[in-house]
Amino acid sequence: MALVVFWMRNKGKRHVVKMGFVKVLKNKAYFKRYQVKYRRRREGKTDYGARRILVKQEKSKYNSHKHRFVVRFTNKRVICQIMYSTIQGDVCVAMADSNELAKFGIEVGLKNYAAAYATGLLLARRTLKKFGLDQMYKGQEEVDGEEFHAEEQNDENDKSTFKAFLDVGLVRTTTGNRVFGALKGAVDGGLHIPHSIKRFPGYSAEEGKKDGEYDAGVHRQRIFGQHVSEYMEELQEESPESFERQFSAYIKAGVEPDGMEDMYEKAHAAIRENPDREAKKRDHAPVKTRVGKVIKTSKGEYSRPKKLTNQERKERVYKKFEIIKAAKEAQMEE
């Protein structure tokens, strides 16, 4: 029982009030057993519960890689990667970025659902080409939004298709989320990614029922950006000023609401034709020379202290001692 003593201002008397039992939670035993969480958990960047499942591999697999199809969204683009984990760290097998879509004719809207689909398709075709499976597994060439599984074609070919598991990070996996657009693009591109249609746009289920209905037409409209074109037309009629402000990049690129589906169709065909990444063209060979602390490059020069060995550090300290000693001797003579 805790006792609380307080001073009554009015009468100038002390009163003792009895309070209920207050349990001390963070006592010595708590702090002795406290374990600091991983850095990326403290920063809110990694869900280690999900990562543990995605990374864990059976010992009977004899160190074969367990690949992950990683999808991440920034403020301006979509990033898709094929990764696998080692003790030293994660290794990237292949990567695709929605900034690359400009080469295929998609210059605007680089983080919407349609761009996510195109980026997933680009990564799938690039990965299969890297492993020599692009001719065996061409995926769903006619995009209709219907359910498709590339692993069903394994019996027809000598090699199985490339398998990976979806890694969404910290994204909430709600129905119609953009990460599933990238998933659908990768699956239609020929990758084997275990999934169901329950999180695709167009799927709906009544309350209390497990099974629902899937409308592939709704999903197809999202893949070809019809939801964006419909909003463009609506905003253009209601508020031309808002339309010019919100879709200024579309206007500058000459993208019309009516031609959006054709733009994505041509982009999908171009991705399938040549998914390779273009090498950066340099005006000249990179130059990097070092003279002491100064490093000279083609763009300029900057200084970085050279790392000293243990012996060099000791010699530097001895030289400082000698300088100090000589200075003191000079003062004594004076």
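The values are calculated or read from the model by the stated rules, or taken from the named source; none is laboratory data. Just so you know, these numbers come straight off a predicted model, no measurement behind them. All Cβ positions, even for glycine, are placed from backbone atoms using ideal geometry, and neighbour counts span all protein chains on display. Only protein heavy atoms, including side chains, enter the accessible area calculation; ligands, DNA and RNA are left aside. Shrake-Rupley method; radii C 1.70, N 1.55, O 1.52, S 1.80 Å.
Before moving on, here are some points about what is shown:
- The set of residues from the range 256-293 being over 18 Å from Val228 (Cα atoms) and among the small types (Gly, Ala, Ser) comprises Ala269, Ala270, Ala279, Ala285, Gly292.
- Listing of helices (runs of 4 or more DSSP H) fully contained in the range 200-255 that carry 3 or more residues being open to solvent by less than 90 Å² (accessible area, probe 1.4 Å) and small (Gly, Ala, Ser): 248-253
- Selected residue [part of a loop (DSSP other than H, G, I, E, B), open to solvent by 100 Å² or more (accessible area, probe 1.4 Å) and at pLDDT below 75] from Lys26, Lys37, Lys45, Lys11: Lys11
- Here is the figure for the range 306-334: residues that are open to solvent by less than 100 Å² (accessible area, probe 1.4 Å) and assigned to a loop (DSSP other than H, G, I, E, B) total 2.
- So Asn63, is it open to solvent by 30 Å² or more (accessible area, probe 1.4 Å) and closer than 22 Å to Phe180 by Cβ: no
- Scan the range 98-118 for residues that are under 19 Å from the mean Cα position of the chain (by Cα), open to solvent by 10 Å² or more (accessible area, probe 1.4 Å) and not basic (Lys, Arg) and the total you get is 5.
- For the range 119-142, a residue qualifies if it is open to solvent by less than 70 Å² (accessible area, probe 1.4 Å) and part of a helix (DSSP H, G or I), and the qualifying residues are Thr119, Gly120, Leu121, Leu122, Leu123, Ala124, Arg125, Arg126, Thr127, Leu128.
- Scanning the range 73-99 for residues being in a helix (DSSP H, G or I) and more than 14 Å from Ala124 (Cα to Cα) gives a total of 1.
- Among the residues of the range 153-169, none qualifies, meaning not one is out of contact with any Asp or Glu (no Cβ under 9 Å at 6 or more places or on another chain), surrounded by 15 or more Cβ atoms within 10 Å (Cβ to Cβ), of a type in the set (Phe, Trp, Tyr) and part of a helix (DSSP H, G or I).
- Close pairs from the range 82-105: first over 20 Å from Glu58 (Cβ atoms), partner crowded, with 16+ Cβ neighbours inside 10 Å and acidic (Asp, Glu), Cβ under 8 Å, at least 6 apart: Leu101/Glu107
- All positions within the range 186-199 that are open to solvent by less than 20 Å² (accessible area, probe 1.4 Å) and outside any helix (DSSP H, G or I): Gly189, Gly190, Leu191, Ile193
- Filter pass, Val228 being modelled with pLDDT under 90 and at negative phi: no
- Here Arg277 fulfils each of the conditions (1) part of a helix (DSSP H, G or I); (2) open to solvent by 60 Å² or more (accessible area, probe 1.4 Å); (3) closer than 26 Å to Glu142 by Cα apart from (1).
- Residue tally, condition more than 16 Å from Val71 (Cα to Cα) and touching a Gly at 6+ places or on another chain (Cβ under 9 Å), over the range 108-124: 1
- Residue in the range 205-218 that is among the aromatic types (Phe, Trp, Tyr) and under 21 Å from Ser98 (Cα atoms) present: no
- Residue ID - nearest to Glu142 (Cα to Cα), chosen from residues in the range 256-274 that are in a helix (DSSP H, G or I) and among the charged types (D, E, K, R): Glu265
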